[in-house]
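Working notes for the structure below.
Nothing in this text is a laboratory measurement; each read-out follows from the coordinates by a stated rule. These numbers were taken from a predicted model, which means no experiment stands behind them. Here the Cβ is made from the backbone with ideal geometry for all residues, glycine too, and neighbour counts use every protein chain on show.
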Amino acid sequence: MKQDTIQELRNFDDQLFEAVQEYLDNKAAYPTNSVLAINAKNKKKSIASPADCAKCDQHALTSLIHTDENGNLEPNCDATHDLASQYYFVR
């Protein structure tokens, strides 16, 4: 198995976090059933409806969001890190 760098993992984690934040900032612009879609080959990600990304790995956005102490929705940094770790192998 190819070993990736910690910088690649962190960069992808940041990208996932930012994608979830973008979704939260503009929820009305996305379909109600949107998912975070990731192409496993090139690691491109998008937020789309499941039908629009049938060939990608699909991840429920609800699993990447949590509620802060003030009741506001925000990206869950632990969840985005766990997801990024599924695509990058760092020892």
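Worth pointing out:
- Qualifying residue in the range 12-26 (condition: touching a Ser or Thr at 6+ places or on another chain (Cβ under 8 Å) and more than 20 Å from residue 76 (Cβ to Cβ)): no
- Of the residues making up the range 31-47, not a single one is crowded, with 17+ Cβ neighbours inside 10 Å, under 15 Å from the mean Cα position of the chain (by Cα) and assigned to a helix (DSSP H, G or I).
- Look at (1) touching a helix residue (DSSP H, G or I) at 6+ places or on another chain (Cβ under 9 Å); (2) surrounded by 14 or more Cβ atoms within 10 Å (Cβ to Cβ); (3) not aromatic (Phe, Trp, Tyr) and you find that residue 56 fails only one, number (1).
- Odd one out for residue 88 among (1) part of a loop (DSSP other than H, G, I, E, B); (2) out of contact with any helix residue (DSSP H, G or I) (no Cβ under 7 Å at 6 or more places or on another chain): (2)
- A single member of 79, 51 is surrounded by fewer than 12 Cβ atoms within 10 Å (Cβ to Cβ) and either in a helix (DSSP H, G or I) or not aliphatic (A, V, I, L, M) (or both), and it is 51.
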